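First the structure, in the form of structure tokens, and then the observations on it.
What follows draws every value from the coordinates through simple rules; no lab data is involved. No experiment lies behind these values; they were computed from the predicted model shown. Virtual Cβ from ideal backbone geometry, glycine too; neighbours counted across all protein chains shown.
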Amino acid sequence: MKPKFDENWTNKNNGYPLYDKDVERFISVVPNENQLRLAEKPYYCFIHFGMNTATAREWGSGLETVKDFTIESINAKQWVSAIKSSGATGIILTCKHHDGFCLWESEYTDFSVKYSDFDGDIVKMVSDECVRQGIDFGVYLSPWDMHDKRYGTDAYNDYFCNQLTELLTNYGDVFEVWFDGAKGSNAVKFEYDWNRYFELVRHLQPKANIAICGPDIRWVGNEGGKSRKYEYSVVPCALRESERTEKNSQQNEAQAAALKKYDAKDEDLGSRKIIEKNAYLCWYPAEVDVSIRKGWFYSDNENKTVKSPKKLFDIYLNSVGNNCTLLLNVPPSDKGVIHKKDVKALKKFGKMINSVTENPVVVQEIGALTKDNGYIEYNFESVKKLKYAVISEDIRYSQRIEDFDLYIKKQNGKYKRVYHSKAIGSKKIIPIKNKKCIGACLVIRQSRSNPVIKSIGFYE
Ligand code: FUL
């Protein structure tokens, strides 16, 4: 007996209409070109490297001098190839962290590699190597700067923009600009000129996504590699402001209270319950940022904390496989190389990612579903031991699906539900644990409007 496949989005839709004013409003929220490109390349790496690597700290003190940057050389080729072996398609380098030390030869400060004993421009070395090995290059530039005397004055906004201009002009194409909201509790009160920063990025690198304190990519809300049970990319616009304003002490109270209603850490950011109440919605997909080891920066005594390939793969399923992107931090050591433990883990992790789609049973491109497609059924040619199902909505038409079940058809013809969830979005990877079956069925129970599915794949 088929387990109520007939009760689906085409008729019941859990009581929600398929077309009305609200529906129009929900499904009109779609990704722009840059965000679409991001969804096509959802796994990339962070490189935290700089003054903190030399001093073996997580945050600087603001009192470091160029002499403290004792790193003698770096092997950018090894950095990029180790990261590439894991299947990552880009690298975001901490060009300046909170300590203020610049990894490029900036004209606007004497606190950079130029005045240290290091011979070369690290941003150039890494960005050139990314081009050589065919992966994207991105920039992290910390707004909070413990070292620069201009911090806290208007001149700092000019300084920051000058530095952004250098980074976004002299180092080729930049795929992502990462603005960190972190700021020490004792930092001087200061309002960053965010709009000016954003306009500059748009002008100099129109194809770059601006992350975290920016309008294009949302912080998932933790640094532990976790995502929500249901990740939605259509969320209240107020969320775009939250990372910037929450930490900004100069916001007035009323505004801060309103924005606090939607915090990056909240569990539900985009269910129907949330979006129904919000007049202003935007496409703001989540990025999971997590380090391969305990700290963001390298430290000898954390070599034991390198995550296993299995742990990394779980994080991958939980991010890329759960409608998020993954930004995995891989910090090189003070010897200028990525430690062999991390190198090994990355390589095996890359193999595990490949194994998901290695052995396809059926892969089908679908498109917009009609009233006849309440459920989609597959009969395999022979008994299969399924490992994964991978489903993608065509997000050019927004994120629509709100409730679905996945069944497998056992050898005796009976169906067994192996998965139930609410959100799909850009990509949902569903582990099926080698279950023997002769078919499978996806039943969409609820959708904001008729579902538009890019593809469904079953893999053994
Ligand atoms: C945080 C920073 O304070 C950490 O040092 C690290 O850069 C992480 C990615 O963001 O906010």
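Quick rundown of the values:
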item: Neighbour-count ranking [beta-carbon atoms within 10 angstrom, fewest first] of W178, W9; result: W178, W9
item: Under 5 Å, built H, 5+ apart or other chain: amide partners of K183; result: none
item: Gyration tensor (Cα) of region 21-157, equivalent ellipsoid semi-axes in angstrom; result: 32, 22, 12
item: Ellipsoid semi-axes in whole angstrom, largest first, where each is sqrt(5λ) of the Cα gyration tensor of region 358-424; result: 23, 14, 13
item: Using alpha carbons only: equivalent-ellipsoid semi-axes of region 275-325, gyration tensor based, whole Å; result: 33, 14, 7
item: Entries of K265/K340; K96/K335; K226/K344; K84/K124 with Cα pairs more than 27 Å apart; result: K265/K340
item: Extension gain (nm, one decimal) between K304 and V30, 0.36 nm per residue minus Cα-Cα; result: 94.4 nm
item: For I91, distant residues with modelled amide H under 5 Å away; result: C45, D136, F137, G138
item: Mean ellipticity per residue at 222 nm, deg cm²/dmol - from DSSP H runs of n ≥ 4 across the chain, formula -39500 (n - 2.57); result: -7500 deg cm²/dmol
item: Peptide ranges 225-232, 320-327, 117-124 listed from the most packed, as the mean C-beta count within 10 angstrom indicates; result: 320-327, 225-232, 117-124
item: For the chain: span of alpha carbons on each principal axis (Å, largest first); result: 75, 51, 33
item: Viscosity 0.692 mPa s, 37 °C: Kirkwood-radius Stokes-Einstein D of region 130-208 over Cα pairs, µm²/s; result: 243 µm²/s
item: Kyte-Doolittle at least -1.0, axis length at least 20 Å by Cα - qualifying DSSP helices, the chain; result: 154-169, 340-357
